[in-house]
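What follows is calculated from the coordinates using simple rules that are stated; it is not laboratory data. Only a predicted model underlies this, so the values are computations on that prediction, with no experimental measurement involved. Here the Cβ positions follow ideal geometry from the backbone for every residue, glycine too, while neighbour counts run over all protein chains shown.
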Amino acid sequence: MRRFFNSYVLEYPRLMLVLILVAVAVLGFQARKLEIDASAETLLLEDDKDLAMSRLFNERFRSQDFLVITFTPKGDLLADNNLDIIRRLRADLLKLERVESVTSILDVPLLESPPKPIKEMIKDVLTLESEGIDKTLARKELLNSPIYENNLVSEDFKTTAILANLHDDNVWHDFVKQRNQLRDKEKAGTITEEERIELAQVIEDFKAHRDKVRDAEHENIAKVRAILENYRGEPDLFLGGVTMIADDLITFVKNDLKVFGLGVLVFLIVMLWIIFRQVRWIILPILTCGFSVMTTSGLLGLFGWEVTVISSNFISIQLIITMAITIHLIVRYRELVINNPGSDQRELVLEATYSMSKPCFFAILTTMAGFSSLVFSGIRPIINFGWMMTTGIGISLVLTFLIFPSLVVLLDKAEPNTSFESFFSFTKKLAQYTEKYGTGILIFSALILLLSIVGATRLKVENSFIDYFKKDTEIYRGMAVIDQKLGGTTPLDVVIDFSEDEENSDALSAEDDEFAEFDEFEEEFEAEKDAAQYWFTSHKMDQVERVHDYLESVPEIGKTSSLGTMLKVGKTLNDGQALDNFLLALVYKELPEQFRKIILNPYVSVENNQARFSVRIVDSLPDLRRDELLKRIRHDLVNKVGIEEDKLYLAGMMVMYNNMLQSLFDSQILTLGTVLMALIFMFMVLFRSLKIALIAIFPNILSVGFVLGFMGWAGIPLDMMTITIAAISVGIAVDDTIHYIHRFIREFEKDGNYIAAMHRCHQSIGYAMYYTSITIIMGFSILVLSNFIPTIYFGILTGLAMVIALLAALTLLPQLIVMFKPLGPGKA
C-alpha cells in the first residue's frame, strides 16, 4: 500500500487527478438516468406469498384508477348553490385529457327516490340531475343506502366524495402482467435464456412507458389542483387517491434529495470552517464529497437502480461518511505537520495517507457490513438501499484516498490553525473523567444497557400509513377526511369461491307463474343461455349476505361494499322481500353499463364463480392491530359464518402491508445479528485478539441498544426506515472503535502505560473522532426537514446513536481497555 501511494499516486498526482476527473465526468453524465420509484410495490416484501393472489384479484375484479376530491361545503350539501359548485367542478374535471368520467352525488343512481318496481327502475334510473327529483327522498337514500352511506357521503351529511375516474391504461397492465410472469419463472428457476432477454427488454420498455405515464399523471394532478384552487374559500376541498399519493411521494423524494444534499453540504462547510479555519480544508472535503456522490449517482443510473422514499437520503448519508473519512486524513496530516516540522510535504502526505489506510479501510468495511446486512430484510426498497449505500461508501473510500494525497501533495505545507482544539478541550476532559470515575462509568453503562433491553422488549410494529406524513401535508389531510368520514383508507379484499357442483335447484324456472310479468325478457335469456341466468342462486346469495353482514359488524372496518350491498337495496325495492334468482340475473344483465360498473362489476365474477367484498379499514384508529384483525376475520368467517377455509382468500394492500410490518421483528434480529457477527470477525482479523474483539463490540452494542430501548420506551414503532437504524448505526459507530483501538495500540507501544496511552489517544485520534461524530450527528439532523415522518425518525435516532457511540468510545471503551489490559500487564 505504501509503495502504491509513493510510486504512483504521489509520483504522478496531476495524472491521477485527470484520470479521476474523466471517470467522474463519464459516470456523472449517467446520473441523469437516476430514477425515482414511489409505487405501492416499494412497501412490499420481496417474496410475499399474498402478492400473486392480490395481483390475480386486481386483474379479475379490475376497477378504474381515480382521484378522490373531498367536498365539504359551508351550507347544506344539497343546496342549489353547492350542487352548482359540484356541477361546475365536474365540468372542469371532464375537460382534462386523463379524466374519463366523474362520479359524484349528481351522477350516482338513486334507486329509492322514490322506490319503483325493479322492472321500471332498471329502464329509467334516476339521479339528482333528473327532472323533478325529490331532494328529501334523495337525502334520505344517500344517508341510509348501504351503497352510499359512509362512502359517498359522510354520516353527518356534510362531506361528499367526488371521483375523477382516469382512463384505464391497458398497455401498463399488459406490461405488468408480462413482467410478473417472467419474474415468477426467474424465481422458480425455469426461465430460458430467450425469456431472460425478453424480461430485460420488457422491464426497459415498461420503465419507459411508466415514466411517460408518470409525467402525464403529474401534469394531470397539477391541473386538478389548479382547478381546485379556483373553488377554494367556498367549500373545503382536499385531493386524495393512490395516484396522487404516489405522485406526491415522488415529489417528496426529489425535494428530499435536493434539501438533504444541499443542507448537508452547507452545514459541512460551516463545520469545516469552525474546526479547521483554513480554506484548503474546506475545498478538499467538498471535492471528495461531490465527486463521490456524482460517481455513485452515475453508477445507479447506469445500472437502472431506482431511488425510493427509503433511499432518498442516500446522498446525505454518503456526504456524511465521505466527510468523516476526509476529516480523519486531515486531522492526521495536521498532527504530523505539528510533530514533524522538518519533514517535507511529500513525506507528510505519504505518512498521513498510509497510517490511516488500514483503520479507515476496516472502518469502512464495517460500515459496508452494516449496510449490506439490510439485504436480509426481505423488503425490496430496504435491500436496494443497502446495496446502494454499500456501493456508495466503497466508492467514497477509494476516491478519498486518491484525491486527498494527489491534491495535498501539490499544495505548500501550511501551519495548522489549532484555535478550535485549544478553545474546546472536550476530549481531554473525557480522558480525565474516565481516569477518575472509571468504575462509575461501568456501573452506569450496565444500568443503561439493562434499561435498554427492557425498552427493546416494548418495541412494536403497528404503524398507520397516514402517520407517515406531516399533518400539514395534503396527503395527510386528504387521507384523514376519507379515513374518518368516508369509510376508511386501507383496502382489504375478501374473496370467496363457490362450489362447482352446487345444486341449482333454486335456479330460474321460466314456467313459474310469478315471473309472468318478465316474459319479454325470457326469450332473450333463453337465446343467449347467459351464465348469469343460472349463477345467482339463493344459496350463493345467502352466503354473500352472511359474509357481508359479518364484515359490517367488525368495528375496525369503516365500509364494506359487495354484492350484498345490492341485495340489501334490492330487498327495499322489492317490498321487503329478498330478490330471487331471476330478478338478480335481470338486474345484472339489464342495468345500464355506467351504473353496473359502480354497483355490480367490481364484486361479481360469474365466469370465475367468485364474489368479492371490498373492505376499507379505518387506518387512524389508535388501537388498530392489523395482524390480530386479519386473523380474527379469517377465523370468524370460517367458524362463525361457515365459509370453507380453502375457499376463502384475504388479499389487497392491507394484507401485504401487514406482512411487511410483521416481518420487521425478524428482519431487525437478522440484520443486527448479521452485522454484529461480521464486526466480531473483522475485529479478530484486524486486532488478532478475541479479548480486544469482545471489548470493541460492547460499546457498539450499548449505542444500538440505547436507541432500540429509547424507541420502545418512547412508543416509536419499527417501520421501513427505523428498522435500518440499528444495523447502520453499528456500522457507522464502530468506526470510532476501530480508530481508537488502532491508535491506542500504537500509543501503548511507546511506554506500556495504559493511562498515558489513553490521554495521548484522546488528544490525537480523539479529536478526529469528535469532529467526525459531530459532523455525522449534525448531518443526520438535516433529515428532520423531510415531509416523510419515518425519515425524520431515522435522522433523529441515528444521530442519537452516534452521540452514545462517541461517548462510549471515549469513556467506556478506554475504561474496558484499562481494566482488562488486553495488550499485556503494562507499566505503572
Next on the checklist: Suppose we take every Cα in region 634-747 and form the convex hull; what volume per residue is that in Å³?
Outcome noted: 146
Checklist entry - Membrane-span-like helices in the chain: DSSP H runs reaching 20 Å or more (Cα, own axis), mean Kyte hydropathy at least 1.6? => result 13-30, 242-276, 438-456, 690-714, 789-807
Checklist outcome for this item: Sorted on mean Cβ neighbours within 10 Å (highest first), peptides 299-310, 5-16 come out as 299-310, 5-16
Checklist entry - Within region 279-293, whose backbone N sits under 14 Å from a point 7 Å along Cα→Cβ of ALA414? => result 279-286
Item to check | Contact order normalised by residue count of the chain, Cα under 8 Å, 6+ apart, percent | outcome: 20
Item to check | Directionally averaged projected area (convex hull, Cα atoms, region 55-105), nm² | outcome: 4.7
Checklist outcome for this item: For GLN610, other-chain or 5+-apart residues with amide H closer than 5 Å (H placed, Pro excluded) are SER605
Checklist outcome for this item: In debye to the nearest 20, the charge dipole size for the chain, taken about the Cα centre with +1 at each Lys and Arg Cβ and -1 at each Asp and Glu Cβ, equals 7120
Next on the checklist: Which of the three applies to the chain, rounded, prolate or oblate, going by the alpha-carbon gyration tensor with a ≥ b ≥ c and a/c under 1.5 meaning rounded?
Outcome noted: prolate
Checklist entry - Pairs LYS187/LYS460; LYS158/LYS631; LYS140/LYS471; LYS33/LYS471; LYS223/LYS470: which exceed 29 Å Cα-Cα? => result LYS187/LYS460; LYS158/LYS631; LYS140/LYS471; LYS33/LYS471
Checklist outcome for this item: Farthest towards the positive end of the dipole of the chain, among THR560, ALA611, GLY455 and with Cβ unit charges of +1 on Lys and Arg and -1 on Asp and Glu, lies the Cα of GLY455
Item to check | Interatomic Cα distance distribution for region 747-813, bins of 5 angstrom, percent | outcome: 4, 17, 20, 17, 13, 10, 8, 5, 4, 2, 1
Next on the checklist: Suppose the chain between ILE453 and SER538 were pulled fully straight at 0.36 nm per residue; how much longer would it get relative to their current alpha carbon spacing?
Outcome noted: 24.8 nm
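Taking the Cβ of ASN230 as the centre, find all other residues whose Cβ is under 11 Å away and add up their charges (Lys, Arg: +1; Asp, Glu: -1).
Values: positive: ARG88, ARG225, ARG232; negative: ASP92, GLU229, GLU234.
Net charge around ASN230: 0.
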Checklist entry - If we restrict to alpha carbons, what Rg and Dmax does region 389-490 come to, in Å? => result 26.2, 71
Item to check | Charged-residue dipole, Cβ positions (Lys, Arg, Asp, Glu), region 300-407 about Cα centre, Debye nearest 20 | outcome: 160
Item to check | region 153-169 - phi-based ³J(HN,Hα) in whole Hz, Karplus 6.51/-1.76/1.60, Gly and Pro as x | outcome: 10, 7, 5, 8, 6, 9, 10, 9, 9, 10, 9, 9, 6, 8, 4, 6, 9
Checklist entry - How much mean residue ellipticity at 222 nm does the chain get from its helices, if each DSSP H run of length 4 or more adds -39500 (n - 2.57) and you divide by all residues, to the nearest 500 deg cm²/dmol? => result -20500 deg cm²/dmol
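Between beta-carbons, use under 15 Å as the cut-off and find the net charge around ILE269, counting Lys and Arg +1, Asp and Glu -1. Can you show the working numbers first?
Numbers: positive: ARG277, ARG280; negative: none.
Computed value for this residue: +2.
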Item to check | Three-way shape label, region 155-278, alpha-carbon gyration tensor, a/c 1.5 | outcome: oblate
Checklist outcome for this item: Any lysines whose Cα falls less than 20 Å from that of LYS540, other than same-chain ones fewer than 8 residues away, would be LYS529, LYS568, LYS571, LYS589, LYS640, LYS647
Checklist entry - Which residues' amide hydrogens lie under 5 Å from the amide hydrogen of LEU110, considering only partners 5 or more residues apart or on another chain, with H built in the peptide plane? => result LEU126, THR127
Checklist entry - Taking amide hydrogens as modeled 1.01 Å from N in the peptide plane, which residues meet the under 5 Å criterion relative to GLU35, leaving out close sequence neighbours? => result VAL307
Checklist entry - Local charge sum around ALA324 (other residues, Cβ-Cβ under 14 Å, Lys/Arg +1, Asp/Glu -1)? => result -1
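When every alpha-carbon pair in region 235-277 is counted, what percent end up more than 11 Å apart?
When every Cα pair of region 235-277 is considered, 71 percent fall beyond 11 Å.
Write down Rg/Rh for region 211-253, rounded to two decimals, with Rg from the C-alpha atoms and Rh from the Kirkwood relation over Cα pairs.
On the way: Rg = 11.4 Å, Rh = 11.2 Å.
Radius of gyration over Kirkwood radius for region 211-253 works out to 1.02.
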Checklist entry - Which of rounded, prolate, oblate describes region 94-189, given a ≥ b ≥ c as roots of the alpha-carbon gyration tensor eigenvalues and a/c under 1.5 marking rounded, otherwise prolate only if a/b is larger than b/c? => result prolate
Checklist entry - Rg to Rh for region 571-712: what is it, with Cα atoms only and Rh by Kirkwood? => result 1.29
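Could you calculate, for region 230-327, the ratio of the Cα radius of gyration to the Kirkwood radius, expressed as Rg to Rh? List each step's numbers first, then the result.
Values: Rg = 18.5 Å, Rh = 15.8 Å.
Result: Rg/Rh = 1.17.
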